[in-house]
Amino acid sequence: MTPWRYATIWGGASLLSVYLQAMEDLLKMEDLQWDFIINLSESDFPIKTNAQLVKFLGHYRQNNFLKSHGRDESSHKGATQWNIYLNIYMTIATVKILSTDSPIYKKQGLDRTFIECDNHMWRIGDRKLPEGIVYDGGSDWFALNREYCQYLLTANNTMVNGLKEMFKYSLLPAESFFHLVLVNSEHCETLIDNNLHITNWKRKLGCQCQYKHIVDWCGCSPNVFKPEDFYKVKNSRPVYFSRKFEPVVSLAVINQVDTYLYNAYPMGTPGMNTYFQSIYHEEDTLTVASDGEMTTYRAFLRVLKETVNLNEQ
């Protein structure tokens, strides 16, 4: 638990401040020996045991785990290819580094200037991205080692300082900042193209324009796991977390994962059919519904609609 609070929003620049402040706090704790920082959300759930995760990371203390979405952009002007030896698979993993012309960056709004104010990300105009650096980006879920975290906080050079300033006015900063600094620094060879996560995307279902109430942009979130998606969890790949899990949508699949990891719980175990839902704290100043509250609201409407339809039949 941190002694400070940040009221972050989806896609907000303040999220990067949270990560950097947390890294700084952990590095100051001289009595705490740690090797990695792994970011998780309330909708993440472990799909392997803690012992398995510790054993795996123990073999890769010198590496940083980030997932790139630049792999399909080699046909665009200025894109270059970066080969990384990936010990996990004992093969060469090819990552295509994006150019500033990439449509993915335009889709993410990296070429736009945003201001976070009054719990909203306001788009205020276009901008030209810096030249002379390699561009990369991807998932905002990561596992960063201690040495790289130290570099992020103490490096006093034009590149790091300039990117920190740029990302104060950027949408979805965690999806690019850590990638960009890493591939443009002396730590570039430590990258492994894996964020240790399985994300339940169902692209064929499409993606509605979400989060318009908090950002001047169209956002998209993965689908919530349900029992029929459980097969995705049972795999031998080096992934240790999965998302999204929402007990208000399906508590059954969470119990499935628990049983898969730790065997079946005794009948009547508290919590098998209940869960805690935190929706308010007196120190929070958020004036719009949070993502969790909106999920609860939509789930309630969906169940209500199904109930009405059944009664009509």
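At Leu40 and Cys220, where each label point lies 7 Å from the Cα along Cα→Cβ, what is the point-to-point distance in nanometres?
It is 2.7 nm.
Each label point is 7 Å from the Cα along the Cα-to-Cβ direction; what then is the distance between the points at Glu131 and Lys168, in nm?
In this crude label model, Glu131 to Lys168 measures out at 2.5 nm.
Between Asn50 and Ala252, how high is the FRET efficiency from 1/(1 + (r/R0)^6) when r is the Cβ-Cβ distance and R₀ = 25 Å? Nearest 0.05.
Computed FRET efficiency for Asn50 and Ala252 comes out at 0.60.
Report the gain in length on full extension from Phe276 to Thr2: 0.36 nm times residue separation, minus Cα-Cα distance, nm rounded to one decimal.
Value of the extension gain: 96.5 nm.
Multiply the residue separation of Asn156 and Glu228 by 0.36 nm, subtract the distance between their alpha-carbon atoms, and state the gained length in nm to one decimal. Show your work: numbers first, answer last.
Working: separation 72, 0.36 × 72 = 25.92 nm, distance 4.96 nm.
Contour length minus the Cα-Cα distance gives 21.0 nm.
Under 25 Å from the Cα of Lys164, which lysines turn up, not counting those fewer than eight places away in the same chain?
Answer for Lys164, where 25 Å is the Cα cut-off: Lys28, Lys67, Lys96, Lys106, Lys107, Lys128, listed by chain and number.
Note the full-extension length gain between Thr269 and Glu189 as 0.36 nm times their separation in residues minus their Cα-Cα distance, in nm to one decimal.
24.1 nm is the gain from fully extending Thr269 to Glu189.
Only the coordinates and a few stated rules stand behind these numbers; no lab work does. Just so it is clear, the structure is predicted and the values come from calculations on it, not from any experiment. Backbone-built Cβ (ideal geometry, glycine too); neighbour counts: all protein chains shown.
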